[in-house]
Structure formats: structure tokens, C-alpha cells
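Enquirer: There's a structure below that I have some questions on.
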Amino acid sequence: MSQSARLVSAKILEQVLLQRGSLSTQINKQISHVEYDEQGLAKELCFGVCRFYPQLNTVALSLLSKPFEEKDFDLYAALLMGLYQIEHMSTPDHAAVHESVELCRQLDKEWATKLMNAVLRRYQREREDILENLSSQPSMAHNLPKWLVKRFKKHWDAELDSIIEATNAHPPMCIRVNEAHVSRETYKQKLAEQGIVSRETSFSVSGLYLESAVPVTMLPDFENGHVSIQDESAQLAASLLAPQTGERVLDACAAPGGKTGHLLELAPDLDLTAVELEPWRLARIESNLERIGGSAALICGDASQPDQWWDKTPFDKILLDAPCSATGVIRRNPDIKINRKPDDIAALCDIQASILDATWQTLKQGGYLLYATCSLMPEENEQQITSFLARTEDAKECPLNLLNDKLALGFGKAVTHGVQVFPTLDGQDGFYYCLIKKG
Ligand SMILES: C[S@@+](CC[C@H](N)C(=O)[O-])C[C@H]1O[C@@H](n2cnc3c(N)ncnc32)[C@H](O)[C@@H]1O
């Protein structure tokens, strides 16, 4: 039996607040409990609460005499949703309060109805004073965790304001046209015929930004693999590696397979091996490849343990799109504002280093490895590569577009090693790349 959008949203957000998996994982698990027509509302509530969590959380804590205990994080989610509706949705205030009180009952917590009503009504009455009193708090100004702003400032003082602005904005919808089927120009025209306005990406040669986001079902021939949803920065990875027919290529951290698919679009006869740690994410690569009609050897394995999956035939090229803090793509994964902790960065750096060292052993002499992350943290990027180059005698950094000189550089900022891309309003996501040659 289906459940209300608000009830399922509260349960999804409860799991996110309890650090039991990412927002996208929880949405995938639970969204089917909501009627199809209501799923948009559920997603808006979930993404919206995460996107504005630092501000909503500050306001909520100021309204409560004591914070909710973990066992009542479903109620806390309901309160944050109530505040989000009042502050950012067109829901009339009285309806937002009424729905939030009703939600306490749906959560079987009748005892909380008075509290919910009192807290939200007080916010309605005293909103301006409350916001004025809280305005000096950094969480209100930046809408990001304090530790993260501190790190951004430490590393990227000059870019800080634009990073914060782009990180808090809605990301643009960007698509990659599969030019094996249709040119970008023709596809742009097809979109225009559907009333969908688009513009060309600046650096990726096959990307289009849509003026407004649309459901994929509205994209002509999406089901036939003529286009995929992929940010412009992510589109550059396969182009930089420039796969050639017949080459043996490793996509070391492959799910959900956005770049796996792109590699195959650029060279359909590639001998491509895609390795992914998480079995359920491997299924995502499978369905992506099925849609675009590409084929690769899919392996569920740990890229840092090639003995488990490597047949000892060296690869010509490796794409290492490493697991990272995703601090360049917070606008697409706003639950990072809740889940990411400062200590995660060092742990991720260790994982990245071990995958780098291990996959390097599988690369042939004269082969190339493209290291990529969607992080803005130098520890995961240029510093990671500085250490790798220092401990790896046969590794040399190359110009980023060595393998594809048709690709215009000019995106991002050249750093000690590689290129750091920052997120921009209506433009690219935050990313990092470095191309390394063996021998
Ligand atoms: C940044 S995502 C890759 C995105 C992907 N390349 C794409 O374009 O769609 C990193 C992926 O690495 C996987 N991963 C994490 N640790 C891994 C490991 N030790 N071995 C293989 N995959 C790993 C994660 O589960 C995640 O799916």
C-alpha cells in the first residue's frame, strides 16, 4: 500500500540524519512507497531539506528547548520539512503547519503533535526576529558546515565566494550527446522542436546545458541511448583519456557507469574492464550500458586488490575516477552537508592512495592513467598526486590534453600537478584531473 509523500520523506531523511546511507541510496530504497504522481514532492522535500540543512538546523535548534534524541529523528526530519515548506515552498504556512502536525500522527507519535504545532507556529509569528538574531551565525550566512567553509577558505580564498554560491545553487541539467548516433547540433534542434532550450557546453564537445531541467522521458531517444545525463566536467574524463579502438582499458571505480558508457561511445570496440566495489552499484552500470548498447567486462571487486580480478594482461590506459569527498558536487548531493565529516578526508586519501598504487601495477609501460575526483580538497587531488609521483619512479605527469589535443584546455586552474575545476553557477561541477604516464 502506498504512503504519503511527507511520511516517506520523513523516513528517508531520518535515515540520512542517522548517517545510515546517502540520500540517493535512501531515495532509491524507499521512493516506490509513494504514488508516482507524489514522488516529485517527496524528492523536493528530501533534496530541499538537505540543501538548506545548515540553516534549517540552526533555526530548528533555536526553537527547541532540547534537541531531539536519535530515536525521534523521524520527528526532527518532520520539523525540518515543516520549516523548509514555510521558508522555501509555495505551501501556505497554515498548510505546512497542519501537514507537519498530521505527520506526527502518521509516524505514530501523537505525543509530539502539540510540540510540532507550537514550534512551527512560533516560527511563523516570530520569523523575522528569529532570523535577525541568528544572522551572525556562519551556518546562516554560508548554508554549509563550518568546517567545510574553513577548509575552502584555507585552500581557495580567492575563489571562496563563487564556490559557496555555486555549491548552494541548483545544478544545471547537462546532457551528453552520443555522437555515434546523432550530432550535437542535430540533437539541439530536436530538443528545440520539443520546446526545450539548450546551449553548448564550453569545453566538452558533446555536451548541452538545458535551460530548465526536464524529466529524462522528455529527452528524444533517451531510451535508445542517444543522450545521457552527465555534467560537463565528468564528460571531460573520457575525452581526456581518448580511448582508441582495440585498446585495453580499465575503468577502475566505475559505477554508476557514466564514464564507462562515454568511453564506449568514443571507441565502441574498446576492450574495456569496469571494476566496482559495490555489487548493487554494479547493476547500475549494467543498465546504463544496456541503454546505450555498449559492452564491457563488469567485475565486482576492490580496485586496490587486483589479485582478486586482474588476469595479468596489462592495460593500455586506466581511468581512476576515485571515491572522494565529492566536495565539488555538493549541489547534486546536498546530503554531503549532513553526512560528510572532517575526518573522512584523511580516510578517503588512504583509499585513493592504495587504489592508485595497486592499479598502477596493472598498467603497461608507456601506458596512461587519468586520475580524477569530484573533490575540491587538495589533499585528495594535487597533494595526492605529488606523493604518488614522489614514491613512484616510473610515473610522470603529462600535459592534460596530451592524448587529445583537439580538446580545448582553459577549464579550471592549473595547480602543482593537474587541473582543479571549481563549480560555477550554470556551469561545470567541481572536479580534478591529472594525466600520468608510466615509464
Ligand atoms: C566517483 S564514483 C565513480 C563514478 C563513475 N566513474 C561514473 O562516471 O559514473 C566512485 C565509485 O568507486 C566505487 N569504489 C569505492 N571504493 C572502491 C574500490 N576500492 N574499488 C572499486 N570501486 C570502488 C564507489 O562505490 C563508487 O561507485
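Enquirer: Quick one: which of LYS29/LYS146; LYS29/LYS154; LYS66/LYS146 span more than 32 angstrom between C-alpha atoms? Don't skip to the answer; put the middle values down first.
Expert: Working: LYS29/LYS146 30 Å; LYS29/LYS154 38 Å; LYS66/LYS146 22 Å.
Cα-Cα > 32 Å for LYS29/LYS154; rest within.
Enquirer: Between the alpha-carbon centers of region 147-176 and region 348-398, tell me the distance in whole angstrom.
Expert: Between the Cα centres of region 147-176 and region 348-398 lies a distance of 24 Å.
Enquirer: From largest to smallest, what semi-axes in whole angstrom does region 232-438 give when each is the square root of 5 times an eigenvalue of its alpha carbon gyration tensor?
Expert: Numbers: eigenvalues 104, 78, 68 Å².
So the three semi-axes of region 232-438 are 23, 20, 18 Å.
Enquirer: Select from GLY301, HIS155, GLN15 the residue farthest towards the positive end of the dipole of the chain; place +1 on Cβ of Lys and Arg, -1 on Cβ of Asp and Glu, and compute about the Cα centre.
Expert: The listed residue farthest towards the positive side: HIS155.
Enquirer: Then there's this: Just how large is the dipole of region 1-80 about the Cα centre, in debye to the nearest 20, putting +1 at every Lys and Arg Cβ and -1 at every Asp and Glu Cβ? Walk me through the numbers before you get to the answer.
Expert: Details: 8 positive and 9 negative charges, 41 e Å.
Rounded to the nearest 20 debye, it is 200 debye.
Enquirer: Here is a follow-up. Report the one residue of GLN3, LEU83, HIS33 whose Cα lies farthest in the direction of the positive end of the charge dipole of region 1-124 (charges on C-beta: Lys and Arg +1, Asp and Glu -1; origin at the Cα centre).
Expert: Of the listed residues, the answer is LEU83.
Enquirer: Probe radius 1.4 Å, ligands and nucleic acids ignored: give me the carbon and sulfur share of the accessible area of region 232-438 as a rounded percent.
Expert: Working: 3850 of 7660 Å².
Reported share for carbon and sulfur atoms: 50 percent.
Enquirer: Okay, next question. What share of all Cα pairs of region 274-396, in percent, falls into each consecutive 5 Å distance bin?
Expert: All Cα pairs considered, the percentages come to 2, 9, 18, 20, 20, 16, 10, 4, 0.
Enquirer: Ok, one more. Check cross-link reach from LYS114 to the aspartates and glutamates: straight Cα distance under 12 Å, and skip same-chain residues fewer than eight apart.
Expert: GLU102
Enquirer: Under 18 Å Cα-Cα from LYS190, which aspartates and glutamates qualify once same-chain neighbours fewer than 8 residues away are excluded?
Expert: Partners within reach: GLU179, GLU200, GLU211, ASP221, GLU223.
Enquirer: Given charges of +1 on the Cβ of Lys and Arg and -1 on the Cβ of Asp and Glu, with all other atoms neutral, how large is the dipole of region 173-229 about its Cα centre, in debye to the nearest 20? It would help to have the intermediate numbers written out before the result.
Expert: Numbers: 5 positive and 7 negative charges, 22 e Å.
That gives region 173-229 a dipole magnitude of about 100 debye.
Enquirer: Loop only per DSSP, at most 16 neighbouring Cβ atoms within 10 Å: give me the trypsin sites (Lys or Arg not before Pro) in region 350-439, ordered by residue number.
Expert: On the way: sites: LYS364, ARG391, LYS396, LYS406, LYS413, LYS437, LYS438; in loops: LYS406.
Sparse-neighbourhood loop trypsin sites (Lys or Arg not before Pro): LYS406.
Enquirer: Further question: Could you look at region 107-146 and say what percent of its accessible area is carbon and sulfur, using a 1.4 Å probe and all protein chains? Mind dumping the intermediate values first?
Expert: On the way: 1230 of 2630 Å².
Carbon and sulfur together cover 47 percent of it.
Enquirer: With every protein chain present, what is the per residue accessible area of the chain (1.4 Å probe, Å²)?
Expert: On the way: 19270 Å² over 439 residues.
Roughly 44 Å² per residue, with all protein chains present.
Enquirer: Positive end of the charge dipole of region 162-285 (Lys, Arg +1 and Asp, Glu -1 on Cβ, about the Cα centre): tell me which of THR167, GLY257, SER206 has its Cα farthest that way.
Expert: Of the options given, the answer is THR167.
Enquirer: With only alpha-carbon atoms in the gyration tensor, what are the semi-axes of the equivalent ellipsoid for region 27-116, in Å, largest first?
Expert: On the way: eigenvalues 80, 49, 38 Å².
Equivalent-ellipsoid dimensions as semi-axes: 20, 16, 14 Å.
Enquirer: Report the residues of region 16-49 in range of a label on ARG332: point 7 Å along Cα→C-beta, backbone N strictly under 15 Å from it.
Expert: 23-25
Enquirer: Calculate I(q)/I(0) for the chain by the Debye formula, one identical point scatterer on each C-alpha and no solvent, and give its log10 at q = 0.07, 0.10 Å⁻¹ to two decimals.
Expert: Summing over Cα pairs of the chain leads to -0.38, -0.76.
Enquirer: Compute the distance from the alpha-carbon center of region 1-60 to that of region 278-317, in whole Å.
Expert: If you average the Cα positions of each part, the centres end up 31 Å apart.
Enquirer: Right, here's the next one. Only four residue types carry charge here, +1 at the Cβ of Lys and Arg and -1 at the Cβ of Asp and Glu. Report the dipole size of region 46-186 about the Cα centre in Debye, rounded to the nearest 20. Before the final figure, lay out each step's value.
Expert: Details: 17 positive and 20 negative charges, 70 e Å.
My answer is approximately 340 debye.
Enquirer: Can you give the relative contact order of the chain as a percent, counting alpha carbon pairs under 8 Å and 6+ residues apart? Intermediate values should be presented prior to the final figure.
Expert: Details: 792 pairs, mean separation 59.6, N = 439.
Taking the mean separation of contacting Cα pairs over the length of the chain, I get 14 percent.
Enquirer: Between LEU64 and ARG199, 0.36 nm times their residue separation minus their Cα-Cα distance comes to what? Provide the component values of the computation, followed by the final result.
Expert: Numbers: separation 135, 0.36 × 135 = 48.60 nm, distance 4.69 nm.
My answer for the length gained is 43.9 nm.
Enquirer: Also: Using only the Cα atoms of region 173-229, what are the Rg and Dmax in Å?
Expert: Computed over the Cα atoms of region 173-229, radius of gyration and Dmax are 9.9, 26 Å.
Enquirer: Check cross-link reach from LYS437 to the lysines: straight Cα distance under 23 Å, and skip same-chain residues fewer than eight apart.
Expert: Here the lysines satisfying the reach criterion relative to LYS437 are LYS259, LYS312, LYS317, LYS364, LYS396, LYS406, LYS413.
Enquirer: Rounded to the nearest 0.05, what FRET efficiency do THR416 and GLN361 have when you use their Cβ-Cβ distance and R0 = 22 Å? Please report the intermediate quantities before stating the final value.
Expert: On the way: r = 25 Å, r/R0 = 1.13.
For R0 = 22 Å, the calculated efficiency reads 0.30.
Enquirer: For region 1-159, how big is the tail of P(r) above 18 Å, as a whole percent of Cα pairs?
Expert: Details: 7469 of 12561 pairs.
The proportion of pairs with Cα distances above 18 Å equals 59 percent.
Enquirer: For LYS71 paired with MET89, estimate the spin-label separation in nm (one decimal), with each label point 7 Å from Cα along the Cα-to-Cβ line.
Expert: Each label point is offset 7 Å from its Cα along the Cβ direction, giving 2.9 nm.
Enquirer: In region 330-439, how does Rg compare with the Kirkwood Rh, expressed as the Rg/Rh ratio over alpha carbon atoms? Spell out each step's value before the answer.
Expert: Numbers: Rg = 14.8 Å, Rh = 15.0 Å.
Reported Rg/Rh (Cα atoms, Kirkwood Rh): 0.98.
Enquirer: Using a Förster distance of 56 Å, how high is the FRET efficiency between GLU128 and ASP307, based on the Cβ-Cβ distance and rounded to 0.05? Walk me through the numbers before you get to the answer.
Expert: Working: r = 63 Å, r/R0 = 1.13.
It comes to 0.35.
Enquirer: For the chain, what is the calculated [θ] at 222 nm in deg cm²/dmol (nearest 500), taking -39500 (n - 2.57) for each run of four or more DSSP H residues and dividing by its residue count? Walk me through the numbers before you get to the answer.
Expert: Details: 17 runs with 197 residues, N = 439.
Theoretical 222 nm ellipticity from helices: -14000 deg cm²/dmol.
Enquirer: Quantify, in whole percent, the carbon and sulfur part of the accessible surface of region 173-229 (1.4 Å probe; protein heavy atoms only). Kindly include the intermediate steps, with their values, before the conclusion.
Expert: On the way: 1390 of 2820 Å².
Here it works out to 49 percent.
Enquirer: Can you figure out the FRET efficiency of ASP405 with GLN189, using R₀ = 35 Å and their beta-carbon distance, to the nearest 0.05?
Expert: FRET efficiency, ASP405 to GLN189: 0.75.
The values are calculated or read from the model by the stated rules, or taken from the named source; none is laboratory data. Source: prediction; values computed, not measured. Cβ coordinates were reconstructed from backbone atoms using ideal geometry, including for glycine residues, and neighbour counts include every protein chain displayed. To get the accessible areas, we keep the full protein, side chains included, count just its heavy atoms, and leave off ligands, DNA and RNA. Shrake-Rupley method; radii C 1.70, N 1.55, O 1.52, S 1.80 Å.
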